[in-house]
Amino acid sequence: MFEYMESAEETASKIAQIYYKASNYISYEIDSIFDRFVSKHKLTEKEAIKLLNSLDDRTSIEEAIKKLKAGATTVEQKELIKLLESYAYRARIDRLQELQSEISLLMKNIYQQEKNFNISHYVNLAQESFYKSMFDIQQMTGYGFNFSALSPTKIDKLLNSKWIGENYSNRIWNNTQALAQDIKEELLIDLLTGRSNKESAKIIQNKFAQGSSVARRLVRTESNFIANEMEMLSYEENGIETYIFVATLDLKTSKECQGLDGKRFEVKDRKPNVNCPPMHPWCRSTTICNITDEELANMKRRARNPITGKNELVPANMTYEQWYKKYVADNPDAQLMEKKVKNLTADKKQFKRYKKELGRLAPKDIEEFQNLKYTNENEYGILKAQVKGMSYYNKVLENEPEITKTVTDVAQTVGMDTLGLEYRVKTKDSYLRKIRSNYKPGDNEYEINDILRYTFGADTTKLADRTLKSIDKYSSMGYNTIKVKNSWLNEDNPYKGINTIIQSPNGQKFELQYHTQESFDLKNGKLHELYEKQRLIADEESEEFISLRNQMFELSDKLTMPDNIGRVK
């Protein structure tokens, strides 16, 4: 069966090349139609999909325009209709309609090529598996005997059998037609949204990749069916009435196949997907002709070591259940590997999403990600908090322009300077590091208030008065100062300044500090430099840690105390 699956993979790879070439062709044709119009007058992707779902023909450009005209309410929608009905754009629509027709022909071509590759592979596979099985039986019994040749009629009957509702030809057809429909719909969304060439090409490639994956699954599963049916035919030819179901002894094997391993069934009662392989897509199980328990006890079968993944020999009468109990059930390392294997597909998707969000701060590969996920609860918790935090971070960035405008307006109104405005947004890396340092299981540690941080400045004679004036101004605008921390009078802290947290009317929190120019320069200069050195020292009682703290206090003691600063509470 391993050899047969290798042959199936070769065929699947040839078919994948057909899909790849078709994908490139479609992407090229799209580029020749759309020199993308850059305009605000376009639908969002969500609006375009909603429109498509309302159509009788989800690929009809004319019906989409008609429906759009009937329901146009916004300026953007009305401008889009004008654009689509313009003489200049009509040529693109005509070309797009031609391309949709070409896609139907292209998919028929893919269907025919895929079918031809499959027929050639299946015929060769049927002959090889039948004659190989007959040879094995002769070799093992020691008898050379005559048997009926495998006729083309039998092969043709097998290929056209509907063993799961449809034959292989219909399954290929359904796949190619579904792919054609998907691509036509994507082309219509392109037209309505003005998606970029890069975005369109990526979507088209993904659609063809999905189609190629389905084609691979079909040829693998169908190959398993044909190989097992040919073995059954050889059993019938030799008068063998019973077969034994054989699953693969490794961690990838499905629950269905695990439960059937070692069980005996009548050849005449075989039924694929019930008691005979394939039991499911990608099935690797096979059968052997009936061998007594006594004979099996003297034979060996291969099993894959659940930890190393290497092949080992075990008694041939050992079932999957027995193998699992002996090698996996009470072995923590094997159970860890089982988790990794069973969840690999879902973990790959999750890892890809985490990598996209966290960049270089994400685990370097899927192996490191799985090790962290299943063996380090705290690190995995931090990772999840960081990923969750990125949506919070991105939302803050959306609110930033409005917050910044308000901040600069208030500064001008109360007569204060905005200091360090270019550093108002905490960097992504700095934000993720803060989530790590703040992490506590169960907390919303990603809701950090200083992603947006601003500084107002005034001289020592005006800082207190204008800070209070600023707080009042914000309050009158619905921006509530929900926290005030005045460290000027705190003798235990070398940092000197007024830190506030403000909440905007839409709930967005941001930090606003009030400083003199002197305290601002110290905070961002020598004091920050000393702090960065100190925070890397774990032992707070160490000589180096204490020395750095003393240096920070010496610097802050030299600052001029603002007048009446105690009024800010």
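Quick rundown of the values:
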| quantity | calculated |
| --- | --- |
| Hull-based mean projected area of the chain, where the convex hull spans the alpha carbons, in square nanometres | 37.6 |
| Estimated inter-spin distance, residue 322 and residue 374, nm [label 7 Å along Cα→Cβ] | 2.6 |
| Förster-model FRET efficiency, 45 Å R0, residue 53 and residue 343, C-beta, rounded to 0.05 | 0.85 |
| Under 22 Å from residue 569, Cα to Cα: lysines that are on another chain or at least 8 residues apart | 462, 469, 473, 483, 485, 496, 509, 523 |
| Taking region 398-567 and dividing mean pair separation by its residue count, relative contact order in percent (alpha carbons under 8 Å, at least six apart) | 23 |
| Mean Cβ neighbour count within 10 Å, used as a protection proxy, ranking 475-488, 178-191 highest first | 178-191, 475-488 |
| Extension reserve of the residue 240-residue 9 stretch, reckoned as 0.36 nm per residue once the Cα distance is removed | 80.1 nm |
| Note, ³J(HN,Hα) from phi for region 475-487, Karplus 6.51, -1.76, 1.60, rounded to Hz, x at Gly and Pro | 4, 5, 9, x, 9, 8, 7, 9, 8, 10, 10, 9, 9 |
| Positive dipole terminus of the chain, leading residue within 118, 427, 131 (C-beta point charges) | 427 |
| Computed over region 241-331: relative contact order in percent, which uses C-alpha pairs under 8 Å that are six or more apart | 30 |
| The chain, relative contact order in percent, only Cα pairs under 8 angstrom and at least six apart counted | 10 |
| Dimensionless Rg/Rh of region 2-236 - Kirkwood Rh, Rg from C-alpha atoms | 1.18 |
| Inter-site label distance for residue 274 and residue 141 at 7 Å from Cα along Cβ, in nm | 2.8 |
| Peptides ranked, highest mean first, by Cβ atoms within 10 Å: ranges 394-407, 113-126, 219-232 | 219-232, 113-126, 394-407 |
| Amide H partners (placed H, <5 Å) of residue 480, local residues excluded | 503 |
| Kirkwood-type radius of region 398-567, with distances r between different C-alpha atoms, in Å | 17.2 |
| Alpha-carbon Rg with Dmax, taken over region 317-372, Å | 15.1, 50 |
| Order by protection proxy (mean Cβ within 10 Å, highest first), peptides 360-366, 433-439, 128-134 | 128-134, 433-439, 360-366 |
| Residue (of 265, 189, 234) at the positive-pole extreme of the chain, dipole from beta-carbon charges | 189 |
| Built amide H within the under 5 Å cut-off of residue 276, gap 5+ | 271 |
| For region 191-289, diffusion coefficient by Stokes-Einstein and Kirkwood Rh (Cα), 4 °C, 1.567 mPa s, µm²/s | 83 |
| Region 201-296, dipole about Cα centre (Lys/Arg Cβ +1, Asp/Glu Cβ -1), debye to the nearest 20 | 1000 |
| Partners for residue 339 among lysines (Cα-Cα distance below 17 Å; same-chain residues under 8 apart left out) | 252, 255, 325, 348, 349, 373 |
| Cβ charges +1 (Lys, Arg) and -1 (Asp, Glu), total dipole of the chain, debye | 1080 |
| Spacing of the two label points (7 Å from each Cα toward its C-beta) at residue 290 and residue 31, in nm | 6.4 |
| Amide N of region 326-360 lying under 18 Å from the label point, which is placed 7 angstrom from the Cα of residue 307 along Cα→Cβ | 326-341 |
| Share of alpha-carbon pairs per 10 Å distance bin for region 475-560, given as whole % | 16, 39, 28, 15, 3 |
| Note, ³J(HN,Hα) from phi for region 511-516, Karplus 6.51, -1.76, 1.60, rounded to Hz, x at Gly and Pro | 9, 10, 9, 10, 9, 7 |
| 222 nm mean residue ellipticity, helices alone, for the chain (DSSP H n ≥ 4; -39,500 (n - 2.57); rounded to 500) | -20000 deg cm²/dmol |
| Per-residue HN-Hα couplings for region 167-180 [Karplus 6.51, -1.76, 1.60; θ = phi - 60°; Hz; x = Gly/Pro] | 8, 4, 5, 5, 5, 5, 4, 4, 5, 5, 5, 5, 5, 4 |
| For the chain, share of DSSP beta bridges that run antiparallel, in % to the nearest 5 | 80 |
| Within region 428-536: Cβ-based charge dipole about Cα centre, in debye rounded to nearest 20 (Lys, Arg +1; Asp, Glu -1) | 180 |
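Values in this text are rule-based calculations from the coordinates and carry no lab data. The shown structure was predicted, so the numbers you read here are calculated from the model rather than taken from an experiment. With ideal geometry, Cβ positions are generated from the backbone for all residues, glycine too; neighbour counts draw on all protein chains shown.
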